[in-house]
1. What number, in nm² with one decimal, is the all-direction average of the projected area of the convex hull of the alpha-carbon atoms of the protein assembly as shown?
2. Within 10 Å of each Cβ in B:144-151, how many Cβ atoms from other chains are there, averaged over the peptide?
3. Which whole-number percent of Cα pairs in chain B have a distance greater than 24 Å?
4. Going highest first, how would you order C:6-19, B:141-154 by mean Cβ packing within 10 Å?
5. Partner chain Cβ atoms within 10 Å, averaged over the residues of A:41-50 - can you pull that number for me?
6. Enter the angle in degrees (range 0 to 90, nearest 10) between the Cα long axis of helix B:91-107 and the first principal axis of the Cα atoms of chain B, meaning the one along which they spread out most.
7. Quick one: if you stick a label point 7 Å off each Cα along the C-beta vector at A:ARG141 and B:ARG181, how many nm between them?
8. Determine the relative contact order of chain B: mean sequence separation of Cα pairs under 8 Å and six or more apart, normalised by residue count, in whole percent.
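We did not get these values from a lab; they are worked out from the coordinates using the rules stated. Note that the structure is a prediction, hence the values are computed from the model and not measured. Note that we place each Cβ from the backbone using ideal geometry, even for glycine, and neighbour counts take in every protein chain shown.
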Amino acid sequence: MRRPAFLREWSYIAGATALAAAEVAFLLTFGSAIGLTAPLAGIVPMWARGLPDGAALLFDAAIVGGAFLSAVTAGEFRPRLCVYKPRVLVLALIGGLLMGVGARLAPGCNIGGVIGGIASFSLQGWVEAVSVVAGAYIGTRYLGGGR
Amino acid sequence: MVMMAMPTDLKLVVALFIGLFAGFAVQRSRFCFVGAFQDAYLFGLKALAGATVVLAALASAGFAVVQLAAIRSTGGGLAGLPSGNVFPVGWHTVLGGLLFGLGMTLAGSCALTTLTRVGEGAAVGLFALGGLAAGGVVGRGLAGWWTAHVGSGVVVHLPTVLGWPLALVIQGALLGALLYRLTRPFGQPRPNKTEGMDNA
Amino acid sequence: MPEFRLDTVGDVCPVPLLKVEKEARRLGPGDRLVIDIGQPRTVRNIIDWAVKNGYVTEVTTEAPGMWRLALRLGVVGTGKPRQ
């Protein structure tokens, strides 16, 4: 049985197309590709210079908002905190730390450095892509998956 | 480019709209980069990985169109173009990517999906987000140290180095090959990596 | 028909599907596995896996953001018993 109608979800390809459209729209407006992690580190990215303070952070907030809108309108929003075991939360924190550091070094996160870099025909994007996959492989093995 | 001459207020509105749209699309389509790797590696489910390649391909195509149109009208090279995210590549890229890949696996979400998890109400996303911010601050310092003591890397913009035609062909071929590898049926389904499980 | 419960609420990917696979290996054809899920992506993930293996699934929304996925293993002779 395929996905039930009431989940009202999009296909992965639809999501990919939407994200690609967002990237191109962003490029047309700002001349750079989307980046998510710089404002979280207190850095004002190039594209936000000249915009009111906190604009880049607001962009990240808009992503949260968009996800919230989608979840709420699909009846999927649910605050969940107590269901998580402490280990899960600690791993999330540590994972976030590693992502934060990695994103400053690469530079760029999965959207900014990998997709943004590749879409910009920059070698950095491809090298980061391979490195991220390698890191994901290590992490997945460490957590006990795969053989 | 016409749009780049937009007044800043309008630019901010556009940015917010793009963000809302992207967040909506990711939540609604269950897009996830962590899943793209893990679904394929652990379970033999390649749809997400394929969709990620499609994202890269579509974005590349869109970017190429925008940039080539810009070149046509300005007649110049990379400078002054909407160049996207052209960052220097070096060992910092490898290290940064490794750390990011490792981190996103431990957290269960990448940068984008950490934000969308928060939007869905999953507090675990807040923990990952906190880590992202704190790590970013640490990473800033580390990146600064690296640039000063190790090197700042090299910008390799493929169309500048190879010319647009060759760059387009090579990137297109690479993405096409990846897509083919991920979506083509292999005849007999391969066993999952988690056990020697048979799929009929 | 034996029915087994599995709770994945509070689990982060890839744990839910790993748990499901482990249970599926333990159970036999015709067994029913009922999974509590707290995350949309997990629902999608398990359904994709079930479709690939030819298992029949039925999803009900228990509450906003909470789903119950019933999985029937090995129907139509496509899922092999684990041992």
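1. 20.3 nm²
2. Taking the mean over all residues of the peptide, I get 0.
3. Roughly 59 percent, once rounded to a whole number.
4. Those peptides, ordered most packed to least, come out C:6-19, B:141-154.
5. 3
6. Helix B:91-107 sits roughly 40 degrees off the main axis of chain B.
7. With each label point 7 Å from Cα toward Cβ, the separation is 1.8 nm.
8. 28 percent
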